[in-house]
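The values are calculated or read from the model by the stated rules, or taken from the named source; none is laboratory data. Note that this is a predicted model, so its numbers are computed, not measured. A quick note on method: Cβ atoms are made from the backbone with ideal geometry, for glycine too, and the neighbour counts reach across all protein chains shown. Ligands, DNA and RNA are stripped out before the accessible areas are found, and what is left, the full protein with its side chains, is counted by its heavy atoms. Shrake-Rupley method; radii C 1.70, N 1.55, O 1.52, S 1.80 Å.
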Amino acid sequence: MSDMGSPGLFHQPPRKDQAIVAFDFDGTLTVRDSFTRFLRWRAGAGGWFLGLTRMAPDLAAYAGDRDRGRLKAASVREFLKGTPRAQLEADAEAFAGQVWPGFLRYDALACWKDWGQRGAYRVIVTASPETTVAPFAHRLGAEALLGTPLVFDGHDRVTGAFAGPNCRGEEKVRRLRATFGEDMKLAAAYGDTTGDTEMLAIADEAGFRRFKG
């Protein structure tokens, strides 16, 4: 097993007979994008506005190339670069605790719990940074978390870069297979955007903006 999210967070691989079920996070399990809301919450109204002003060239470029990964990297550089890992983890925990009530979709949560009661191995596969999603994954009781990993320097501070490609589209499938093996099978997968299409395509049961109990 490899790439199982934040160190020490997930350590048990699925049993050979255990169904693996993959859930996208933002917009699937949640009512809105968690990373954008986290950055805005952390920066405060004034810091958020100032940061967006400085990101004007990046926002203009996104309007043309629609490169979500590039825009996300720019937002990390603007709002998180230089942040100590411990501080970022503490902020992510505080954010999750504050927004948790009402932040999860009731239908998604019901589906999540149903798979848990059936003994499935539930993995969150998200384009958001693993560090900021980890507190939500803990609360949900996720067996694994795969996201876009941040790079930390020798002083354990955010460099503003990612350790790998933006975890969406084909990258979601690549990460799943790198973690669980090339012959892995998904009993079910759930998503809400075209960034989940490839992951849904390899699942026996695919839920696009809908959930089955």
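Checked against (1) touching a helix residue (DSSP H, G or I) at 6+ places or on another chain (Cβ under 8 Å); (2) open to solvent by less than 30 Å² (accessible area, probe 1.4 Å); (3) outside any helix (DSSP H, G or I), Pro135 passes all but a single condition, namely (3).
Take the conditions (1) surrounded by 18 or more Cβ atoms within 10 Å (Cβ to Cβ); (2) closer than 28 Å to Ala161 by Cα; Gln98 misses just one of them, which is (1).
Would you call Ala187 crowded, with 21+ Cβ neighbours inside 10 Å and assigned to a strand (DSSP E or B)? Spelling it out, it is not the case that Ala187 is crowded, with 21+ Cβ neighbours inside 10 Å and assigned to a strand (DSSP E or B). Close Cβ contacts (under 9 Å, 6 or more residues apart or on different chains) running from residues in the range 1-23 that are in a loop (DSSP other than H, G, I, E, B) and among the aromatic types (Phe, Trp, Tyr) to residues that are modelled with pLDDT of 90 or more and open to solvent by 30 Å² or more (accessible area, probe 1.4 Å) comprise Phe10/Glu143.
When the residues of the range 202-213 are filtered to those that are among the hydrophobic types (A, V, I, L, M, F, W, C) and touching a residue at least 24 places away in the same chain (Cβ under 8 Å), which remaining residue is least open to solvent (accessible area, probe 1.4 Å)? Checking each candidate, the answer is Ala203. Just checking, does the range 179-193 include any residue being under 19 Å from the mean Cα position of the chain (by Cα), among the aromatic types (Phe, Trp, Tyr) and under 15 Å from Phe25 (Cα atoms)? There is at least one residue in the range 179-193 that is under 19 Å from the mean Cα position of the chain (by Cα), among the aromatic types (Phe, Trp, Tyr) and under 15 Å from Phe25 (Cα atoms). So which pairs qualify, if the first residue must be in the range 97-118 and within 29 Å of Asp17 (Cα to Cα), the second must be of a type outside the set (A, V, I, L, M) and surrounded by fewer than 16 Cβ atoms within 10 Å (Cβ to Cβ), the Cβ gap must be under 6 Å, and the two must be at least 6 apart or on different chains? Listed pairs, sorted by first residue: Asp114/Gly213. Only residues that are in contact (Cβ under 8 Å) with a residue 60 or more places away in the chain and open to solvent by 20 Å² or more (accessible area, probe 1.4 Å) were counted across the range 156-181, and they come to 10. Taking the criterion of being assigned to a helix (DSSP H, G or I) and within 19 Å of Thr179 (Cα to Cα), the residues of the range 112-132 that qualify are Glu130, Thr131. Scoring Gly82 on the criteria (1) at pLDDT 95 or above; (2) closer than 30 Å to Ala120 by Cα; (3) out of contact with any helix residue (DSSP H, G or I) (no Cβ under 6 Å at 6 or more places or on another chain) leaves a single failure, condition (2). Assess whether Ala127 counts as being more than 24 Å from Thr36 (Cβ to Cβ) and either open to solvent by less than 50 Å² (accessible area, probe 1.4 Å) or modelled with pLDDT of 95 or more (or both). Spelling it out, it is not the case that Ala127 is more than 24 Å from Thr36 (Cβ to Cβ) and either open to solvent by less than 50 Å² (accessible area, probe 1.4 Å) or modelled with pLDDT of 95 or more (or both).
Just to check your reading of the model, which residue among Leu109, Leu88, Leu146 is in a helix (DSSP H, G or I), among the hydrophobic types (A, V, I, L, M, F, W, C) and more than 12 Å from Leu29 (Cβ to Cβ)? Of Leu109, Leu88, Leu146, the one residue that is in a helix (DSSP H, G or I), among the hydrophobic types (A, V, I, L, M, F, W, C) and more than 12 Å from Leu29 (Cβ to Cβ) is Leu88. Being assigned to a helix (DSSP H, G or I), within 17 Å of the chain's Cα centre (by Cα) and surrounded by fewer than 18 Cβ atoms within 10 Å (Cβ to Cβ) holds for only one residue in Arg32, Arg37, and it is Arg37.
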